[in-house]
Amino acid sequence: MSENGLRLDKWLFHARFVKQRTLVADLVRRRRIRINDQLTAKVHQAVRPGDVMTLVRPNEVVVLRVLALGTRRGPATEAQGLYEVIERH
């Protein structure tokens with residue numbers, strides 16, 4: 001899926017923003033994720049390098065740019081290479 005991107009739930013799992021992919025469905029249902037200023041309605045929406053994602057977490061809002069897709073859920077240092085934080089509130 002690298003040409004078309006990676007599923008949102010997989011990317012958030014690889015980047016260590018969620019502990020389980022199934023938790024992404026709850027974030028989507030509660031309208032907590034935007035990709036390129038568009039509210040996300042599907043856990044299988046494609047994420048591509050260059051996309052800007054807004055993620056509303058319990059105690060913060062994180063705006064980040066996707067740098068890479070990743071192929072696995074590796075250590076935190078590897079996960080941090082998948083994105084750059086633009087802003088945190």
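Could you tell me the calculated FRET efficiency between residue 71 and residue 41, based on Cβ-Cβ distance and R0 = 25 angstrom, to the nearest 0.05?
On the way: r = 26 Å, r/R0 = 1.04.
It comes out at approximately 0.45.
Hand me the trypsin sites (Lys or Arg not before Pro) from the chain located in a DSSP loop with no more than 10 other Cβ atoms within 10 Å, in residue order please.
19, 30, 72
With only Lys, Arg, Asp and Glu charged, each at its Cβ (+1 for the first two, -1 for the last two), find how big the charge dipole of the range 6-88 is about the Cα centre; round to the nearest 20 debye.
Once rounded to the nearest 20, the dipole reads 360 debye.
Just in the chain: which GluC sites (Glu not before Pro) are loop by DSSP and have at most 14 other Cβ atoms within 10 Å?
Within the chain, the qualifying GluC sites (Glu not before Pro) (loop, at most 14 other Cβ atoms within 10 Å) are 3.
Which one, 38, 22, 61, projects farthest toward the positive side of the charge dipole computed for the chain from Cβ point charges (K/R +1, D/E -1)?
22
Any read-out appearing in this document is the output of simple, stated calculations on the displayed coordinates, not a laboratory observation. Keep in mind that this is a model prediction, so the values were computed, not measured. Neighbour counts run over all protein chains shown; Cβ positions are idealised from the backbone, glycine included.
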